[in-house]
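*Asks:* For reference, the structure I am asking about is given below.
Nothing in this text is a laboratory measurement; each read-out follows from the coordinates by a stated rule. Just so you know, these numbers come straight off a predicted model, no measurement behind them. Here the Cβ is made from the backbone with ideal geometry for all residues, glycine too, and neighbour counts use every protein chain on show.
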Amino acid sequence: MMAFTTLACAKINRWAVLQRFMLGCVVWALAGTALSSGDFRVDNIVPRFEAELLSMDAQLTYRLSEKADQALTNGLPLEIQQTLQVQRKRKWWFNAAVVTQQRHYRIQFHALSRRYVLTRLETGASRSFRDRQALLSALGRIEGWPVMRESAVQALGPIQLRLTTKLVRDALPRVLRMAAWLDADWQLRGGPLVKEVQP
């Protein structure tokens, strides 16, 4: 009987220690997020119909954390992802995702030319800028993102455009990737911002 009681107490103690450890991890993660110096935001979405096509303009704000900015200045390319999702509204259930589109950009600093380069990875099109802020402003300005044909919107009924953005940590070098998953300064994301569109 005593052995059983001792074993039960040991299990309870281990569970209590595990609970405290998990609570500590949560507190640490929340504190780390609060201390992040970076800020990605989706500020505005403007849907418009033109030439029988639904397209979207949007404004996003990109402010790199100190660590991400330092890495960029030292020549490390960073990948930024923008994700647009079209959702069909449903009364009695969660909205249904109809279309998901993504854009991937690489931002990089070239030490020899002292220029910042923004590259759309899907097309390879590049633009260069004299300073980082000009590049980030251009990255945050979306004009004429084609979404779907107007006839498709009419067939679906009321829809929502859902826009998010994030730093792609999986695109970082392997030696940095694990630390980036644990460090709030690399957990840069913005949105979602949702805009309803009527057919």
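*Asks:* What list do you get for F129, F49, F94 if you sort them by fewest beta carbons within 10 Å?
*Replies:* F94, F49, F129
*Asks:* Sticking with this one: Multiply the residue separation of R189 and A111 by 0.36 nm, subtract the distance between their alpha-carbon atoms, and state the gained length in nm to one decimal.
*Replies:* On the way: separation 78, 0.36 × 78 = 28.08 nm, distance 2.69 nm.
That pair, R189 and A111, stretches by 25.4 nm at full extension.
*Asks:* Among all the aspartates and glutamates, which ones have a C-alpha under 15 Å from K195's C-alpha, if same-chain residues fewer than 8 places away are not counted?
*Replies:* Output for K195: D43, D57.
*Asks:* For K89, go through the aspartates and glutamates and keep the ones whose alpha-carbon is under 18 Å away, minus same-chain ones fewer than eight residues off.
*Replies:* Cross-link targets: E150, E196.
*Asks:* For the range 65-107, list residues with backbone N below 12 Å from a point placed 7 Å from the Cα of A171 toward its Cβ?
*Replies:* Only 77-83, 103-107 pass the distance filter.
*Asks:* Evaluate E = 1/(1 + (r/R0)^6) for A51 and T123, where r is the Cβ-Cβ distance and R0 equals 30 Å; express this FRET efficiency to the nearest 0.05.
*Replies:* 0.90
*Asks:* Taking the Cα-to-Cβ direction at K89 and at Q198 and moving 7 Å from each Cα, how far apart do the two end points lie in nm?
*Replies:* 0.9 nm
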